1. Filter the stretch 306-348 down to the residues that are out of contact with any strand residue (DSSP E or B) (no Cβ under 8 Å at 6 or more places or on another chain) and of a type in the set (Ser, Thr, Tyr), then identify the one that is most open to solvent (accessible area, probe 1.4 Å).
2. Are there any pairs, at least 6 apart or on different chains, whose C-beta atoms fall under 9 Å, with the first in the stretch 82-105 and part of a loop (DSSP other than H, G, I, E, B) and the second aromatic (Phe, Trp, Tyr), and if so, which?
3. Cβ-Cβ below 7 Å, separation at least six or inter-chain, first residue in the stretch 127-152 and within 28 Å of Arg113 (Cα to Cα), second hydroxyl-bearing (Ser, Thr, Tyr) and open to solvent by 60 Å² or more (accessible area, probe 1.4 Å): which pairs?
4. Being surrounded by fewer than 19 Cβ atoms within 10 Å (Cβ to Cβ) and out of contact with any Lys or Arg (no Cβ under 8 Å at 6 or more places or on another chain) is true for just one of Ala67, Ala62. Which residue is that?
5. Looking at Arg277, Arg262, Arg251, which one is touching a residue at least 40 places away in the same chain (Cβ under 8 Å), farther than 28 Å from Ile177 by Cβ and within 28 Å of the chain's Cα centre (by Cα)?
6. Pairs, please: C-beta under 7 Å, at least 6 apart or cross-chain, first residue small (Gly, Ala, Ser) and open to solvent by 10 Å² or more (accessible area, probe 1.4 Å) and in the stretch 32-58, second more than 6 Å from the ligand (Cβ to nearest atom) and part of a loop (DSSP other than H, G, I, E, B)?
7. Does Tyr76 satisfy being part of a strand (DSSP E or B) and within 16 Å of Thr203 (Cα to Cα)?
8. Can you tell me which residues in the stretch 473-502 are surrounded by fewer than 24 Cβ atoms within 10 Å (Cβ to Cβ) and either without any contact (Cβ under 8 Å) to a residue 24 or more places away in the chain or basic (Lys, Arg) (or both)?
Amino acid sequence: MWMDEKDPDVLIVGAGPVGLTLANLLGTLGVRTLVIERNAALEPEPRAVTLDDESLRTLQGAGLLEAVLKDVVLGYGVQYHDWRGQPFAAIQPTRQEYGYPKRNAFRQPLLVRTLYEGLARFDHVAVQFGHSFTSFEQDEEGISVHMDVGGTARTVRARWLVACDGGRSPVREFCKIVLEGETYAERWLIVDLAQRTVPLRHTSTYCDPKRPTIRLPGPRGALRYEFMLREGDRDDEVLDERNFREWIARRVPADRDLPLVRKVIYGFHARVATRWREGHVLFAGDAAHLTPPFAGQGLNSGIRDAANLAWKLAALLRGSLPESVLDSYEQERRPHAAALIRMALRIGRVMQPKSVLGAALTQTALRVACLVPACRDYILQLKFKPKPRFSQGCFLPSATLTATELAPQPWVQSPAKDVRLDEVLGAGFSVIGWDAAVVREAALNVTPRGLCTGQVVLVRSEDDFLDIPGDDGTVLRVRDASGELAALLARFDASALVLRPDRYVYSVVPKLA
Ligand SMILES: Cc1cc2nc3c(=O)[nH]c(=O)nc-3n(C[C@H](O)[C@H](O)[C@H](O)COP(=O)(O)OP(=O)(O)OC[C@H]3O[C@@H](n4cnc5c(N)ncnc54)[C@H](O)[C@@H]3O)c2cc1C
């Protein structure tokens, strides 16, 4: 790892999962990056347990897919149980539009370790532990960041600072930026256990007003119980193993005596920072938004921030895009992060019924709704999750591109093997389309100069890889075996699409009349 005295281009405060994801993405893009972390080592707290399909796609882009997947159980759903313990609704999505199942079980400390180890690939990225951010001053050129290193003051000069320093973000506090929203009175006891003996594919959520409870599987036999606490519950009593092991035994007797990994009480917040940028300072992850854990989306939102920021910072540091590209960061990310917070709150209302009557009404309504196939599909397939889509930001709007969205990632076929689409797109802007000349021209004229890394011509699912006259080998050809890319091009009435490095549609090359 790089440890010399040269100034970094980007200084990241916080070696949590968001800071380390951003550092890996910047590393793959060749950006000199320094991460400072106040603690002496990585955070061992097992918080997040659900990683979504978009996050896995981002980690694929960071070149860490295989390393991450070794600690992930792909594809798990949720079974909701009513106040009598009977199943009444389920979320078990089967579609994999971004290349992966929509819900995957993982453990945060294992991911953080993998992300940290991933940085060893780059001699232009370093992490320095025991470095605590204290203050900064900035000018037109960049920012001077002051930190405390074991009682000694140190200053590092950088072009950009990204605050990934968590919910209490000292950087955000220093900027006097407010987190608007609410903190809720409900508190939950989280109990992590190991060496599970009973198979468990899907999360069981018991929407029981007496004691709302969640039982979640994890990789390598991990098991988590979450119990909602009631008014009057005393911390010392609920944290007493004799009590919570009784609660566990009431759900699944075989789980009762499993080895305890950790027990902790959490409150929850639904808050968003009023500004995500302050000159040369940007905020990402929990520093920018706090999501209630009911939808398992807090960290996933933070990974989306990292994916959105990394290529913009890299392009502007190379001089390929103007500084104004950073204004699109909050414009694009804030509405989506806020929509996921609202979704988490709605799920929380179902999961935390206040009375048997309230539970019976909500659960009966959901049970009846699930009798209608379209409603059942809406819930089962997680269609209520806000789409990665935005109507304002860094893209070229046109008649058919009024709002941009994350392009799907189907498997495509090259003559040699099947691969996920992103593997043939490269790390920069890319063009996919039907015609080599159109793709080449779009790569030259529509993508920001010097930023195009992938030119891909699609072969229809029913066609072979017949040599095309005039094919000069600058484009790659892959077969759209699933027909998903044909459907995407048709939906935008396009002969080709330009994708951003984070795989959102940047512009549409219309069909020739
Ligand atoms: C019980 C629970 C369950 C959850 N479940 C899920 C889930 O299933 N899925 C999901 O997506 N999310 C979930 N979340 C949310 C998820 O854990 C957080 O969103 C995630 O940890 C945020 O990552 P981060 O990197 O932004 O911040 P953090 O993980 O808080 O990391 C911030 C880092 O900054 C460092 N730091 C702070 N101050 C300084 C300073 N002055 N100088 C230097 N470094 C500093 C800290 O030491 C820390 O290492 C859950 C949260 C909880 C509490």
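1. Applying the filter and picking the extreme gives Ser324.
2. Short answer, once both residue conditions are applied: Asp82/Phe88; Asp82/Tyr206; Trp83/Tyr206; Gly85/Tyr206; Gln92/Tyr76; Gly99/Trp411; Pro101/Tyr76.
3. The qualifying pairs are Val145/Thr155; His146/Thr134; His146/Thr155; Met147/Thr134; Asp148/Thr134.
4. Details: Ala62 fails: surrounded by fewer than 19 Cβ atoms within 10 Å (Cβ to Cβ).
On inspection, the qualifying residue turns out to be Ala67.
5. Numbers: Arg277 fails: farther than 28 Å from Ile177 by Cβ; Arg251 fails: within 28 Å of the chain's Cα centre (by Cα).
Residue meeting the stated conditions: Arg262.
6. Short answer, once both residue conditions are applied: Ala40/Gly130.
7. Here the answer is no, as Tyr76 does not meet what is asked.
8. Gly473, Arg477, Arg479, Gly483, Ala487, Ala490, Arg491
The values are calculated or read from the model by the stated rules, or taken from the named source; none is laboratory data. Please read these numbers as outputs of a predicted model, since none were measured by experiment. With ideal geometry, Cβ positions are generated from the backbone for all residues, glycine too; neighbour counts draw on all protein chains shown. Ligands, DNA and RNA are excluded from the accessible area calculation, which covers all protein heavy atoms including side chains. Shrake-Rupley method; radii C 1.70, N 1.55, O 1.52, S 1.80 Å.
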